[in-house]
Structures are given as C-alpha cells and as structure tokens.
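Peer 1: Shown below is the structure under consideration.
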Amino acid sequence: MSWFYVNAGQQAGPVDDAQLDALLAAGQINSETLVWREGMASWQPHREARTAGSSAGPPPVSAGAPPGPSANETVCAECGRIFPIDSTIQYGTVRVCAACKPVLMQKLAEGAKIGDAALTYAGFWIRVGAKLLDGLIIGFPFIIALAYILYRRAADSQATEFLGVQFGLQGAMILVSWSYNIFFLGKYGATLGKMACGLRVVTAEGARFGYARATGRVFAEMLSGLICHLGYIMVAFDSEKRALHDRICNTRVITRK
C-alpha cells in the first residue's frame, strides 16, 4: 500500500507501510502528520488514517490522489484541505485555514497540543539574563564614553560644557536602544541577547512578525518599566510568561527549537 504524507506543507511520498512506520519511529512524522492513500476521500492525520486502514478491508478504487499542495499552497492541519499560503495562519510549524482558526484557538485555550507545534514559553530568569546581555551590548560603548567625559570634567572644573555632552550621550543611547531592538526583532525575531539565551519573540500563533509590531513592542516595553518594572514581573505569574508589553502587542517569548 502506497502512502503520501505532508512534509513542511508539501506532499511527499509515496512510501509503503513499513517506510511510513519507520518515518514515525524516526520522528520525521508524528501522529498528527497528514497522510493519504488510494481510497481515502481526503488527507487525514496519521493516527486516524492508520487506525482506519488497519480495521478495514482492501481500499476501494479511487480516481486518483487528490492534488498535493504546490509551492504557494499548504495543507490545513485541521480540515486537511489545500489553501494558498497567504490565506492561512501559522502556528508553530503548522498552518490552518480561516474557517478552522476558531477550532485551533479553542484547542489552544484548552491546552491541547497542535501537532508538533506546542510553544515552550521562556521563564522569568532566562528573560532577565537576555535583557542584561542586551544592556551590556548596547551600553558598553556609552559607558566608556561617559567615563571619559566624567574624567575630563573632574580634571577641569571649568568644563561646564560637558554637562550638555552627557545629556546628549544619554539621548543617543536611548535612540540606539530603540533602533537595536526594532531591527533585530523585526528581522530576526530576537535580539543578540535573546539569541545567546536561545529565545525568540513570536506572535500568539508562533509566527514571525515584522517591523511594525517590533516598533510597537519596543514602545510598549517602556510602560513595563515605568510602573516600577511591574510589567516585567508579570512574567513570573502569567501562564504564558507574558510581560505587559507582550500582552499589549500579543507576542510571546519562547525557547528556540
């Protein structure tokens, strides 16, 4: 019996029963991977298709396999139908169509694992460590410059012009910090500190986002700090480890896989 299966949103195969079992044992597919064989009306999760296949007789004759997804198409992880990629939403490594989005969100609310796409939220202390690393990366050059300015001011009591330089330096550091976070979050989904700690920032569905949301998150993070850093402390008590700015921008900080 020849099987086809979905790999990274594309049709793969054919493989026989033994090869399909070997793929499952090797972790290349799982119980939620969509599969199809002759006689099946549509793609089904492996756990349902193999159970049905083992209890049924020979498969009825079919007109042929349903067309697999093209390069611009993907298979909905819920209904098994094929849709253009742009009309689906991504959660982790799976995609669902617009009609199945409410079903997906309900499963997530109930704590169900969606294929192999379960998100592992980053805890409070690992996020603190990433934040400290980013602070060192951004602040080190400015600390050196500020130390030099203070040294010159102490050596020359008449050097009142250095006061304006200090304010300018602090303003420049703020602008660099904003630019740093917006660029790395928008382009890579993680700052250098988060990369070093194995973290990345995604949407609630586990997808990447662009510069617009990255900009909003940077300014929303200012609120987390303004209220005595309570916005950051929320991470320790939230079920999805969200800070205040994560709630505002609907983002999550997760561990990389």
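The values are calculated or read from the model by the stated rules, or taken from the named source; none is laboratory data. Given the structure is predicted, the values throughout are model-derived calculations rather than measurements. Cβ sites come from the backbone with ideal geometry, for glycine too, and all protein chains shown count toward neighbours.
A quick yes/no check of all residues on (1) in the same structural domain as LYS131 (by TED's automatic domain parsing); (2) surrounded by fewer than 17 Cβ atoms within 10 Å (Cβ to Cβ); (3) under 24 Å from ILE137 (Cα atoms):
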{"position": "CYS197", "(1), (2), (3)": "yes, no, yes"}
{"position": "ARG200", "(1), (2), (3)": "yes, no, yes"}
{"position": "THR215", "(1), (2), (3)": "yes, yes, yes"}
{"position": "PHE219", "(1), (2), (3)": "yes, yes, yes"}
{"position": "LEU223", "(1), (2), (3)": "yes, yes, yes"}
{"position": "ASP238", "(1), (2), (3)": "yes, yes, no"}
{"position": "LYS241", "(1), (2), (3)": "yes, no, no"}
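Listed here are the residues, each with its yes/no results for (1) more than 20 Å from MET234 (Cα to Cα); (2) among the β-branched types (Val, Ile, Thr); (3) at pLDDT 90 or above; (4) not in a helix (DSSP H, G or I).
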position	(1), (2), (3), (4)
GLY115	yes, no, no, yes
ARG127	no, no, yes, no
LEU169	yes, no, no, no
PHE219	no, no, yes, no
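Peer 1: Give the residue that is nearest to LEU244 (Cα to Cα), with candidates limited to residues of the range 199-227 that are aromatic (Phe, Trp, Tyr) and out of contact with any Ser or Thr (no Cβ under 9 Å at 6 or more places or on another chain).
Peer 2: Among residues in the range 199-227 that are aromatic (Phe, Trp, Tyr) and out of contact with any Ser or Thr (no Cβ under 9 Å at 6 or more places or on another chain), the one nearest to LEU244 (Cα to Cα) is PHE219.
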